[in-house]
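Structure, as structure tokens:
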Amino acid sequence: METVATSAPAHMVNASKVDKYEHHDYYDVDGLLSEDHILARDAVRAWVKKEVSPIIEQYSEKAECPLFLFKQLGEIGAFGPSLPEKYGCGGMDEIAYGVIMQELERCDSGLRSMASVQGSLVMYPIYRFGSEEQKMKYLPKLATGEMIGCFGLTEPDHGSDPGGMTTHFTEDGDDIILNGAKMWITNSPVADVAVVWAKNPEGKIKGVIVEKGMKGFSAPEIHGKLSLRASITGELVFEDVRIPKSNILPEVTGLKGPLSCLSKARYGIAWGAIGAALDCYDSALRYSKERVQFGKPIGGFQLTQKKLAEMITEITKAQLLAWRLGSLANEGKATPSQISMAKRNNVHMALEIAREARQIHGGMGITNEYPIMRHMMNLETVLTYEGTHDIHLLITGMDVTGINAFK
Ligand code: TGC
Ligand code: FAD
């Protein structure tokens, strides 16, 4: 593992940037949370304000990932908060996991991505489908951020239709030989381990743990992203990579393996997107009271109030949807289709709010003085990854009609 800095260099810190975010809870949703949920949420919020808010704009502008935050995210318990303590994880419930994702995405969707991928797409499959040996080897180090992980499902020619993947392996004694390529992989250029989904000689999908440094394995970075710029994205390329069979996740075969990890991560995004929306609303509300035109604050004009009233209405509906989904998840009753509905609704809601908030800020809204454009650009990715807006609509459509419109 390479050594990374433990804090941001001075030129990346904007000490004058004060994070003025205030709590917004129009329907007393806090009344539905436990003391532990509120403690977890407030601790993450305080960490974000102190450690990340002063640097996030610079990292995003320079399209750099603040790698030193992986260890700090581990320290605050952001990786696999609802996985068992036995493996160094939080042992909390699904609502605690949700409120943590909300606070991270209140800062930046890329920050939440760092946690989503590590916790839900790398640790979760190892926990759910791995051998005890694999769990003990990887989970504690992933939980602290000592190791960074990535999740390889999407391919250059198979995005919404991952079942068509061509990445595959053959068998050779105690090893497998992996060939193929994955595309758009969060964290891949800096990852120590990759959970990769590939077809076995029978054409069935299996999960394989690929380690950095294995011969024939590379992870080039994808440049030129205008969205999620503080998150690092790359490819995964496998050219006759020899991997021990003991790196195969033994407990799952088929597309339901990766899709159940996606359910976990999509659930976190349903909460996370509320954070981005709250940050845009918070900024717009404050600006509307401070900015004076025609002799009065713009918040006094009916059209501005309409925007703000609709924003808090949509945020409140999204909070209630996420809370109810969390309660179902705690009982083991949240279905993939219910998760799709919440991911789709809440991300779209956040994007619409970012657009309205940008208007309230007028020209200032397009500058880096305010977080709005960064959230808006980030949310374009969030609308697409983990299943696009339209794919989630079709999942709901199939659930209510019983008819598959995908194919
Ligand atoms: P289909 O035949 O419907 O299903 C295959 C098997 O999987 C089961 N299943 C699920 N299981 C658990 N959770 C889910 N959400 C599930 N959805 C389906 C299903 O019951 C079936 O099981 P079995 O036992 O019968 O075999 O599959 P399909 O090929 O028709 O595809 C369906 C579709 C389109 C919904 C699915 O493939 C899909 O969701 N496509 C979107 C792809 C996607 O979301 N990719 C995300 C890549 S990862 C990513 O974006 C990370 S970003 C991370 C970050 O930075 O935060
Ligand atoms: P396509 O599947 O080509 O879709 C293009 C358009 O066609 C979309 O509008 C889609 O809704 C529409 N469409 C497709 N099929 C249908 C249909 N049947 N009916 C109607 N419309 C349809 N993947 C990973 O595996 N791991 C990661 O860590 C990861 N991180 C990512 C990070 C970023 C920054 C981005 C941008 C993507 C990431 N992804 C990751 C990939 C992401 O999940 C895919 O981009 C997404 O699933 C969509 O696939 P695609 O881009 O190939 O679009």
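Among the residues of the stretch 181-240, write down those that are in contact (Cβ under 8 Å) with a residue 40 or more places away in the chain and at positive phi. Within the stretch 181-240, Trp184, Asn187, Leu228, Asp240 meet the criteria. Scanning the stretch 195-226 for residues that are open to solvent by less than 20 Å² (accessible area, probe 1.4 Å) and either outside any strand (DSSP E or B) or under 20 Å from Ser116 (Cα atoms) (or both) returns Val195, Val196, Trp197, Gly207, Val208, Ile209, Val210. Evaluating Leu262 against the criteria (1) over 29 Å from Glu94 (Cα atoms); (2) open to solvent by less than 40 Å² (accessible area, probe 1.4 Å); (3) not in a loop (DSSP other than H, G, I, E, B) leaves one unmet condition, (1).
In the stretch 125-145, the residues that are without any contact (Cβ under 8 Å) to a residue 24 or more places away in the chain never reach a residue that is surrounded by fewer than 20 Cβ atoms within 10 Å (Cβ to Cβ) and of a type outside the set (Phe, Trp, Tyr) with C-beta atoms less than 7 angstrom apart, at least six apart or across chains. Give all pairs with beta carbons closer than 7 Å in which a residue from the stretch 251-263 that is farther than 20 Å from Met341 by Cβ meets a residue that is buried (at least 16 other Cβ atoms within 10 Å of the Cβ) and charged (D, E, K, R); count only pairs at least 6 apart in sequence or on separate chains. Listed by first residue and then by second, the contacts come to Thr253/Lys206.
Highlighted here are the helices (runs of 4 or more DSSP H) found entirely within the stretch 293-407 that include at least 1 residues which are within 14 Å of ligand 2 (Cβ to nearest atom): 336-360, 372-384, 389-401. Taking the condition at positive phi and open to solvent by 60 Å² or more (accessible area, probe 1.4 Å), does Asp28 pass? Considered against the rule, which asks whether it is at positive phi and open to solvent by 60 Å² or more (accessible area, probe 1.4 Å), Asp28 comes out as yes. Which residue is farthest from the chain's Cα centre (by Cα), if the candidates are limited to the stretch 85-98 and must be over 16 Å from Cys261 (Cβ atoms) and of a type in the set (D, E, K, R)? Per the stated criteria, the residue is Lys86.
Checking the stated criteria, Val117 turns out to be in a helix (DSSP H, G or I) and within 16 Å of ligand 2 (Cβ to nearest atom).
In the set (1) within 16 Å of ligand 2 (Cβ to nearest atom); (2) over 17 Å from Val252 (Cβ atoms); (3) surrounded by fewer than 17 Cβ atoms within 10 Å (Cβ to Cβ); (4) touching a residue at least 24 places away in the same chain (Cβ under 8 Å), the condition left unmet by Gly163 is number (2). Listed conditions (1) among the aromatic types (Phe, Trp, Tyr); (2) open to solvent by less than 10 Å² (accessible area, probe 1.4 Å); (3) free of Cβ contacts under 8 Å to residues at least 60 places away in the same chain are all met by Phe169, apart from (3).
Residue-level check: of (1) within 15 Å of the chain's Cα centre (by Cα); (2) within 16 Å of ligand 2 (Cβ to nearest atom); (3) open to solvent by 10 Å² or more (accessible area, probe 1.4 Å); (4) farther than 29 Å from Asn247 by Cα, Met101 misses just (3). Is it the case that Ala329 is surrounded by 19 or more Cβ atoms within 10 Å (Cβ to Cβ), under 30 Å from Gly397 (Cβ atoms) and at pLDDT 95 or above? When the stated conditions are applied, Ala329 passes them. I'd like the residue in the stretch 332-367 that is open to solvent by less than 60 Å² (accessible area, probe 1.4 Å) and polar (S, T, N, Q) and, out of all such residues, is farthest from the chain's Cα centre (by Cα). Among them, the one singled out is Thr367.
The values are calculated or read from the model by the stated rules, or taken from the named source; none is laboratory data. The model shown is predicted, which means the values in this text are computed figures rather than measured ones. Every residue, glycine among them, receives a Cβ derived from its backbone with ideal geometry; neighbour counts consider all protein chains shown. Accessible surface areas use protein heavy atoms only, side chains included; no ligands, DNA or RNA. Shrake-Rupley method; radii C 1.70, N 1.55, O 1.52, S 1.80 Å.
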